[in-house]
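The structure appears right after this line, and notes come after that.
The values are calculated or read from the model by the stated rules, or taken from the named source; none is laboratory data. The model shown is predicted, which means the values in this text are computed figures rather than measured ones. Positions of Cβ are backbone-derived with ideal geometry, glycine not excepted, and every protein chain shown enters the neighbour counts. Remember, those area values only see protein heavy atoms, side chains included, never the ligands or the DNA or RNA. Shrake-Rupley method; radii C 1.70, N 1.55, O 1.52, S 1.80 Å.
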Amino acid sequence: MDLVSACRIFTSVAERGSFTLGAAAEGIPQSVASRRVAALEKHFRQPLFDRTARRAVLTVFGQDMLAPAKRLVQYAEALEHHAAEAKLRPLTLAVPETCGVRDLALLDAAAREVDVALDIRCAGPEQRAAWMRDKAVRAAVQAVPPTEAVWVVPLGLARPPAPGRHEGSPGSQGSVSPPPPPWPSPSPPRPMRLESLRPSRTEPALRRVWIQPEDDVPYVRDVLQRAGHRAALLPAQISVAASLVTAVGAALRTDDFVLASAGQAHELGLLWRPIAEAPVARGYSVVSDIGEDALLVQTLLGALLARALGAADA
């Protein structure tokens, strides 16, 4: 027997003095109301209504039970209200700033389809880690080495296309770039060697590789800088940019490159090539103090999150 439902119809009938009116108020047939009250009386082993009266008149026992039955119904309604409010409490999720707006919007929409309200916050790796330490977010996409990652995003060198420029060779500065070709490319891009950026007598200008703040982590930065050293590049040729905007701006006005994923390069209107000497990649996993949150993000929303991170493009 559903004790709460039985008490709800019991109080409704008692307040109106009629099984017909009480059942109508609860939106159920009178026969169902009568069965629920009879089940409640069987449960208590005492009659709640005087069956000899023409109206629904409470017995002495029924009068004693009316107040606690009302309290039970009120508590149940309050519990349902709190449960609805708890489901609406957003799951704050920290994600990399490199995620595209459209991909995050698709992630948010998919979460709401499974009754999860996401509060997505974008930040760099250090800020995401700080938010988790301070419990400012419930879950975060944490940057980890690819060997420990759930999602791996290969990185390469990106630069604007320019009329008459051959990839891997210097072009004229200040040229207007046409839109990039369709992506993904029908054929895999040819890997680029870092040694092609080595200054020479004919091309003394430094061509730099700008590392985004998202990739300012040892397993990306140090690997790329060691590869640059082996390629005889100057230390200044591989540098960490203050922001993604700064890095892309430098690439747009010079012959510099931005370290990026293929999907991110396409979104920025850049041409992308993998690095021959240094197969660097971002690695990500979900961390949370509540295992249920991490499991939800990683399983139910994992495919869309992988797409937002660029791992689905790999």
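Quick check, is Ala311 closer than 20 Å to Arg102 by Cα, open to solvent by 10 Å² or more (accessible area, probe 1.4 Å) and of a type in the set (A, V, I, L, M)?
The answer is yes for Ala311.
What residue, of Arg16, Arg55, Arg36, is charged (D, E, K, R), surrounded by fewer than 16 Cβ atoms within 10 Å (Cβ to Cβ) and over 30 Å from Gln264 (Cβ atoms)?
Of Arg16, Arg55, Arg36, the one residue that is charged (D, E, K, R), surrounded by fewer than 16 Cβ atoms within 10 Å (Cβ to Cβ) and over 30 Å from Gln264 (Cβ atoms) is Arg55.
Among the residues in segment 224-242, are any touching an Asp or Glu at 6+ places or on another chain (Cβ under 6 Å), under 28 Å from Thr92 (Cβ atoms) and open to solvent by less than 20 Å² (accessible area, probe 1.4 Å)?
The answer is no; no qualifying residue exists.
I'm checking my understanding of the structure. Among residues of segment 196-223 that are basic (Lys, Arg) and either on the phi > 0 side of the Ramachandran plot or part of a loop (DSSP other than H, G, I, E, B) (or both), which one is most open to solvent (accessible area, probe 1.4 Å)?
Ranking the candidates gives Arg201 first.
Please enumerate the residues belonging to segment 58-87 that are more than 18 Å from Val4 (Cβ to Cβ), open to solvent by less than 70 Å² (accessible area, probe 1.4 Å) and in contact (Cβ under 8 Å) with a residue 12 or more places away in the chain.
Residues satisfying the conditions are Leu58, Thr59, Phe61.
Would you check if Asp108 is farther than 30 Å from Val223 by Cα, surrounded by 13 or more Cβ atoms within 10 Å (Cβ to Cβ), modelled with pLDDT of 85 or more and not hydrophobic (A, V, I, L, M, F, W, C)?
Considered against the rule, which asks whether it is farther than 30 Å from Val223 by Cα, surrounded by 13 or more Cβ atoms within 10 Å (Cβ to Cβ), modelled with pLDDT of 85 or more and not hydrophobic (A, V, I, L, M, F, W, C), Asp108 comes out as yes.
What residue, of Arg190, Arg165, is open to solvent by 20 Å² or more (accessible area, probe 1.4 Å), at pLDDT below 95 and under 29 Å from Tyr284 (Cβ atoms)?
Testing whether each residue is open to solvent by 20 Å² or more (accessible area, probe 1.4 Å), at pLDDT below 95 and under 29 Å from Tyr284 (Cβ atoms) leaves just Arg190.
Out of segment 1-13, which residues are open to solvent by less than 70 Å² (accessible area, probe 1.4 Å) and either under 43 Å from the mean Cα position of the chain (by Cα) or of a type in the set (A, V, I, L, M) (or both)?
Leu3, Val4, Ser5, Ala6, Cys7, Arg8, Ile9, Val13
What number of residues within segment 89-105 satisfy the criterion of being open to solvent by less than 60 Å² (accessible area, probe 1.4 Å) and out of contact with any helix residue (DSSP H, G or I) (no Cβ under 9 Å at 6 or more places or on another chain)?
2
Just one of Gly269, Gly263, Gly249 is open to solvent by less than 40 Å² (accessible area, probe 1.4 Å), more than 18 Å from Pro191 (Cα to Cα) and within 27 Å of the chain's Cα centre (by Cα); which is it?
Criteria check complete, one pass: Gly269.
Criterion first (surrounded by fewer than 16 Cβ atoms within 10 Å (Cβ to Cβ), within 15 Å of the chain's Cα centre (by Cα) and within 24 Å of His266 (Cα to Cα)) does Ala123 satisfy it?
The answer is no for Ala123.
For Arg45, state whether it is loosely packed, with under 15 Cβ neighbours inside 10 Å, at pLDDT below 90 and of a type outside the set (Gly, Ala, Ser).
no
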